[in-house]
Every structure is written in C-alpha cells, then in structure tokens.
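A.B. asks: Pasting a structure here, questions to come.
The values are calculated or read from the model by the stated rules, or taken from the named source; none is laboratory data. If you're wondering where the values come from, they're calculated on a predicted model, not measured in any experiment. Heads up, the Cβs are rebuilt from the backbone with ideal geometry, glycines too, and the neighbour counts pull from every protein chain shown. Accessible surface areas use protein heavy atoms only, side chains included; no ligands, DNA or RNA. Shrake-Rupley method; radii C 1.70, N 1.55, O 1.52, S 1.80 Å.
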Amino acid sequence: MPIYKRRRSALFLPASNSRAIEKARTLQADVVILDLEDAVSPEQKSLARNQAAQAMKDGFPMEVAVRINPIHTPWGEADLALMQDLKPDVLVLPKVEQAADLPEVRLPLWAMIETPLGLVNSQEIARHSDVEALVMGTTDLVKALQARPMKNRENLMYALSQVVTHARAYGKYALDGVHLDFRNLDSLEDVCVQGRDLGFDGKTLIHPAQIEVANRVFSPSLEEIEWAQKVIAAWQAKDAQQGVTVVDGLLIEELHAIEAERILDIAQSISTGNP
C-alpha cells in the first residue's frame, strides 16, 4: 500500500503577498501552494518569483508547492529555471493539455486539468511517471466549456469523475478545484463532501477560513474509524478457510479489509501529524 500523504487542504497563496506567506506558516493547511500565476498581476510577476524563492529558503512546517506560469508565457521559463534550482516539494503546472506539455524536471508534478483538451488527455497525463497528482481547475474549465457555474456542479460530474478515475488508474492523487464563494462555509462543506464521495483526496483552497472544513471532511470520521477497526478485527478472527465474514450484518470480503486498512493508515497519519 502506498505511503499516504496528507493533501486534504492545499491553500493557494499569491507569492506577491508577503504577509499571506508569513501567516501561512501558522495555518493548518496540509499544503501551501505559492502561486506565481493567476493570483499575481503581470506587474508583480518578478516580485512574486523572488518572494517565493525567499519563502522556500526560510522554510514551512508543511508541504510546499509552487504553481508556475505556463512555459509559453513571458514568465514561464524563468519560473521553471528557478524551481529547478530551489526544488520545492511539488511543482504545480497550470493548464496542462497533453503529456508533451510536461517539462523534464526532477520534481514531483501536479498537473492542473483546466481545459477540454486537458480533460480529454487526462489519462495520458496521469500515466506520466513524474506526475504525482491531477488537480481540477474547475473555474477555468467551466469557462472553457462555455458553461455556467452550478451550485451542485452537475455540469462538471463527467469531468470530475474522469479525472478521479484516471488518477486512480495510475496510483496518483486527485485534488478537487477551488470554491470561489469562500465566505460560505456551508456550501464549501457541501462540495467538499461531494468531492470526497467522488474519490478526491482533498481540495484546493483560496482562503484560510476554508482549511478547517476541508481537513475535517477529507479525514476519516469517528464512525468510519470504528467501522474499519471492526472490519480488521473480524477479518483477522475469521476462519482461514473462509473468504468472507460478517460485520454488523454486512458481508465483508478482502476488499473491505484492504479499505479498512487504508482508512486506519490515514487516521494514524493525521493523528500523529506525519506528512
């Protein structure tokens, strides 16, 4: 079973905002993403790059990712060159549309799926050996589809499910897109639950107020932990000749025991604070 990494909450921070970077070190986000792209105006690109470099040198208590500008933009090559030197924990690549877009760098990559072509090619992107996670860029995707935002995201179900499926097919993480209505924590919880139930490992965020909800929803609940403990106990106690057992009236097979182990591994990682 792969080692679990906590990616329940991945907070985007504009790298041009030094106060936000400093505050991030005190937050409970599993990942901070220093953003050089959408959250930074063209006039502040160089400042953001320099501040991201200094922030990484100063260090963070959590996993650090950097989202660079697309390579074809005026800032992309300089961003990439600096990241190859500084080596953040993760390099986040925006608007990836095919595996050929992925640079040859010795860094774990998160590929953002934000366009129809990226969605169509998400399987080949997930297959790439350097890609560690697929990240939904739901805001850009809605625009590119000429669709409209829907509260229940019904018009994104195909895209969300396809990205999760392709991520899982190649043993990669899958992170859900941002929730723009950042003051509405009730609607945030609804879409976090939806994303969790679709199979996502966590959610990208745009405001510190969203962290608690994402961490809670994407953590195993007490009921899930108790269920997993029952399943493991029953599976270990069953007769060696039996391929199934029963827990609370439900038939339990090996696949349930494997899932129970996964839940307990996640819960243990969260409780001990291990990344």
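A.B. asks: Whats the longest run of the chain with zero chymotrypsin sites (Phe, Trp or Tyr not before Pro) that are DSSP loop and have at most 15 other Cβ atoms within 10 Å?
C.D. replies: The longest such stretch corresponds to 1-169.
A.B. asks: If you don't mind, another one. Given the options GLY195, VAL164, PRO208, identify the residue whose Cα lies farthest towards the positive end of the charge dipole of segment 155-218 (+1 on Cβ of Lys, Arg; -1 on Cβ of Asp, Glu).
C.D. replies: Positive-most Cα among the choices belongs to VAL164.
A.B. asks: Output the relative contact order of the chain, whole-number percent, from Cα pairs under 8 angstrom with separation of 6+ residues.
C.D. replies: The value is 16 percent.
A.B. asks: Kindly express, to the nearest 10 degrees and within the range 0 to 90, the angle between helix 45-58's C-alpha long axis and the longest C-alpha principal axis of the chain.
C.D. replies: With rounding to tens, the tilt is 50 degrees.
A.B. asks: Stretched out fully, how many nm does the piece from GLU223 to ASN152 gain, at 0.36 nm a residue minus the Cα gap?
C.D. replies: Residue separation times 0.36 nm, minus the Cα-Cα distance, leaves 23.0 nm.
A.B. asks: Expressed as an acute angle from 0 to 90° and rounded to the nearest 10, what is the orientation of the C-alpha long axis of helix 76-86 relative to the principal long axis of the chain?
C.D. replies: So the inclination is approximately 60 degrees.
A.B. asks: On C-alpha positions alone, give me the angle between the axis of helix 185-198 and the longest principal axis of the chain, in degrees, nearest 10.
C.D. replies: With rounding to tens, the tilt is 60 degrees.
A.B. asks: Next question. Across segment 160-168, in residue order, what do the Karplus-derived ³J(HN,Hα) couplings come to in whole Hz, using 6.51 cos²θ - 1.76 cosθ + 1.60 with θ = phi - 60° and x for Gly and Pro?
C.D. replies: Result, rounded to whole Hz: 4, 5, 5, 5, 4, 4, 5, 4, 5.
A.B. asks: Turning to a different aspect of this structure: Compare SER219, SER129, SER161 by solvent-accessible area with a 1.4 Å probe and give them largest first, with all protein chains kept in place.
C.D. replies: SER129, SER161, SER219
A.B. asks: Can you quote the Å³ per residue value for the convex hull of the Cα atoms in segment 50-165, rounded to an integer?
C.D. replies: Roughly 125 Å³ of hull volume per residue.
A.B. asks: Hey, another quick one. Can you give the three extents of the C-alpha atoms in segment 196-269 along their principal axes, from longest to shortest, in whole Å?
C.D. replies: 53, 21, 19
A.B. asks: Now a separate question. Take the alpha carbon gyration tensor of segment 152-219, find the square roots of its eigenvalues, order them as a ≥ b ≥ c, and report rounded if a/c is under 1.5; if not, report prolate when a/b exceeds b/c, else oblate.
C.D. replies: Taking the square roots of the gyration eigenvalues as a ≥ b ≥ c, segment 152-219 is prolate.
A.B. asks: Next up: Which whole-number percent gives the relative contact order of segment 122-275, counting Cα pairs below 8 Å spaced six or more residues apart?
C.D. replies: 17
A.B. asks: Take segment 1-59, drop everything but the C-alpha atoms, weight them equally and run the Debye formula without solvent; then report log10 I(q)/I(0) at 0.14, 0.19, 0.21, 0.27 Å⁻¹ to two decimals.
C.D. replies: -0.41, -0.67, -0.78, -1.10
A.B. asks: Note the full-extension length gain between ASP38 and ARG262 as 0.36 nm times their separation in residues minus their Cα-Cα distance, in nm to one decimal.
C.D. replies: Working it through step by step, the gained length comes to 77.1 nm.
A.B. asks: Mind checking the full-extension length gain between TYR170 and SER129? Use 0.36 nm per residue of separation minus the Cα-Cα distance, one decimal, nm.
C.D. replies: That works out to 13.8 nm of additional length.
A.B. asks: Taking all protein chains as present, what is the carbon and sulfur share of the accessible area of the chain, in % to the nearest whole number, probe 1.4 Å?
C.D. replies: On the chain, the fraction of accessible area on carbon and sulfur atoms equals 51 percent.
A.B. asks: I'd like the antiparallel share, as a percent to the nearest 5, of DSSP beta bridges with both residues in the chain.
C.D. replies: 10
A.B. asks: What stretch of the chain, leaving out the sites themselves, is the longest with no trypsin sites (Lys or Arg not before Pro) in a DSSP loop having at most 16 other Cβ atoms within 10 Å?
C.D. replies: With trypsin sites (Lys or Arg not before Pro) excluded where exposed in loops, the chain gives 26-105 as its longest stretch.
A.B. asks: Could you give the dipole magnitude of segment 131-264 about its Cα centre, charging the beta-carbon of Lys and Arg +1 and that of Asp and Glu -1, in debye to the nearest 20?
C.D. replies: 520
A.B. asks: Further question: How many nm is it between the label spots at GLU253 and SER269, if each spot is 7 Å from the Cα in line with the beta carbon?
C.D. replies: 2.6
A.B. asks: Hey, if you drop one equal point scatterer on each alpha-carbon of segment 71-138 and run the Debye formula without solvent, what base-10 log of I(q)/I(0) do you get at q = 0.14, 0.18, 0.19, 0.23 Å⁻¹?
C.D. replies: -0.38, -0.62, -0.69, -0.99
A.B. asks: How many lysine pairs are close in the chain, with Cα atoms under 23 Å apart and the two 8 or more places apart or on different chains?
C.D. replies: Eligible lysine pairs with Cα atoms under 23 Å apart amount to 23.
A.B. asks: Counting other C-beta atoms within 10 Å, and keeping those with at most 10, which DSSP coil GluC sites (Glu not before Pro) do you find in segment 67-165?
C.D. replies: GLU104
A.B. asks: Using label points projected 7 Å from each Cα along Cα→Cβ, tell me how many nm separate VAL193 and LYS238, to one decimal.
C.D. replies: That separation, rounded to one decimal, is 3.1 nm.
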